[in-house]
Amino acid sequence: MTQPRGAADRPTIVIAAGIFPDPGRITEHYGSACATAFADLSSAEGIATRTARADAVVIATQRLDPDRLAALANSVRVIGRAGVGLDAIDLDAAKRLGIGVINQPAYGALEVASHAVGLMIAAYRKFTVTDSYVRAGWSGPLSLAPMQPLDELTLGLVGCGTIATQAARMCASVVGRILTFDPFAAEIPAFVERVDKLDDLLIQSQLLSLHVPLSAQTRGLLGARELALLPDGAVVVNVARGGILDENALAGELNSGRLGGAGLDVFAQEPLPGDSPLLSTPNTILSPHVAGYSERSSWRLASWTIEDVLGYLASGSIEHGKVVVAGTR
């Protein structure tokens, strides 16, 4: 553990080890505003020791269940989630304990949207198939059908928040229609058509992209029944959360040849287990939960999270992200 350093009147922020690529840059950049410590926050016992006298903690995907939250020192007033998803934090327990929670929904919206669009086009245009054909000596079976031109396809977006809206803008001049199912979106772009039922979206979407958070309501949202509604040859893209999609059902549809392909950046279990059926499904592009990455977004995530934590500690207000739980400590 790197020990906090600096004057005692500065707040101390304990950051989960390994979540930022350049911890030295963070310490140097914010050294006049706060003391920083980088620590393993994976266990309740370690959390209790390592957050003593800390004012805030910053995590990425580290799980903060009720026991781990209760282990935080009483001095901890806020948790900065360096990222978007909140499924690893028990928000009800945080609220009961009076601990604020902040996340960063917009830090890498452009990156995630472009990753989704890249996976979508690569899978539909069968880049993995044609790449393998060339590497095999320009020989062997090469089956590309069905493959309609993109401007004859319908893109279905499950969720229409910031990232989905960015993806829609990128695709607006490429695909024929864009639909969305999002009962919670107050506004959607004028060129996107809203549908009231998920089933109605699925039966029309040759391209399907998932953009909803993982919650009790969305866990298992796309199962065998829902995937069976997609048109033959459809492509499924998920850059949201793994638990939204039934991976075994998807693998079955891909292996049968009924679905045309998939592009996945997130999985129910990460790292993806070695016995996952997705490792051998045809025309499937996998990436290791890196959709939000670019050099710009990496520093933006770190700096926005630290700055919002400092703003919250000073005044209760933040500039970049969202206060998900307003604490009382």
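The values are calculated or read from the model by the stated rules, or taken from the named source; none is laboratory data. Here the structure is a predicted model, which is why all the values come from computation and not from measurement. Here Cβ is always computed from backbone atoms with ideal geometry, including for glycine, and neighbour counts include all displayed protein chains.
Only a single item in (1) part of a helix (DSSP H, G or I); (2) of a type in the set (Phe, Trp, Tyr); (3) at pLDDT below 95 is not met by residue 312, and it is number (3). Can residue 175 be described as closer than 15 Å to residue 117 by Cα and either assigned by TED's automatic domain parsing to the domain that holds residue 90 or touching an Asp or Glu at 6+ places or on another chain (Cβ under 9 Å) (or both)? Yes: the conditions hold for residue 175. Of the residues making up the stretch 233-243, at least one is assigned to a helix (DSSP H, G or I), within 13 Å of the chain's Cα centre (by Cα), touching a residue at least 60 places away in the same chain (Cβ under 8 Å) and not assigned by TED's automatic domain parsing to the domain that holds residue 60.
Going residue by residue through the stretch 177-193, is there one that turns out to be charged (D, E, K, R), assigned to a loop (DSSP other than H, G, I, E, B) and touching a Leu at 6+ places or on another chain (Cβ under 8 Å)? Yes, the stretch 177-193 contains a residue that is charged (D, E, K, R), assigned to a loop (DSSP other than H, G, I, E, B) and touching a Leu at 6+ places or on another chain (Cβ under 8 Å). Output yes when any residue across the stretch 252-261 is surrounded by fewer than 18 Cβ atoms within 10 Å (Cβ to Cβ) and in contact (Cβ under 8 Å) with a residue 60 or more places away in the chain, and no when none is. No, because not a single residue in the stretch 252-261 is surrounded by fewer than 18 Cβ atoms within 10 Å (Cβ to Cβ) and in contact (Cβ under 8 Å) with a residue 60 or more places away in the chain. Remark: residue 36 matches the filter, which requires a residue to be among the hydroxyl-bearing types (Ser, Thr, Tyr), surrounded by 14 or more Cβ atoms within 10 Å (Cβ to Cβ), touching a Ser or Thr at 6+ places or on another chain (Cβ under 6 Å) and in contact (Cβ under 8 Å) with a residue 12 or more places away in the chain. Within the stretch 307-329, residues that are assigned by TED's automatic domain parsing to the domain that holds residue 76 and touching a residue at least 24 places away in the same chain (Cβ under 8 Å) sit with their Cβ atoms under 7 Å from residues that are outside any loop (DSSP other than H, G, I, E, B) and hydroxyl-bearing (Ser, Thr, Tyr), at 6+ positions apart or across chains, in these pairs: 318/312.
Among the criteria (1) more than 26 Å from residue 99 (Cβ to Cβ); (2) crowded, with 19+ Cβ neighbours inside 10 Å; (3) over 16 Å from the mean Cα position of the chain (by Cα), the one residue 295 does not fulfil is (2). Looking across the stretch 45-72, the residues that are over 23 Å from residue 320 (Cβ atoms) and surrounded by fewer than 17 Cβ atoms within 10 Å (Cβ to Cβ) come down to 45, 46, 48, 49, 52, 53, 63, 65, 66, 67, 70. Checked against the criterion of being modelled with pLDDT under 95 and in the same structural domain as residue 153 (by TED's automatic domain parsing), the candidates 186, 224, 249, 262 yield just one match: 186.
Please work out which residue is farthest from residue 306 (Cα to Cα), limiting yourself to the stretch 81-133 and to residues that are assigned to a helix (DSSP H, G or I) and among the basic types (Lys, Arg). Filtering first and then ranking leaves 96. When the residues of the stretch 78-107 are filtered to those that are at pLDDT below 95 and of a type in the set (Gly, Ala, Ser), which remaining residue is surrounded by the most Cβ atoms within 10 Å (Cβ to Cβ)? Checked the stretch 78-107; the qualifying residue surrounded by the most Cβ atoms within 10 Å (Cβ to Cβ) is 83. More than 22 Å from residue 326 (Cα to Cα), of a type outside the set (Lys, Arg) and under 24 Å from the mean Cα position of the chain (by Cα): is that true of residue 88 in this structure? The answer is no for residue 88.
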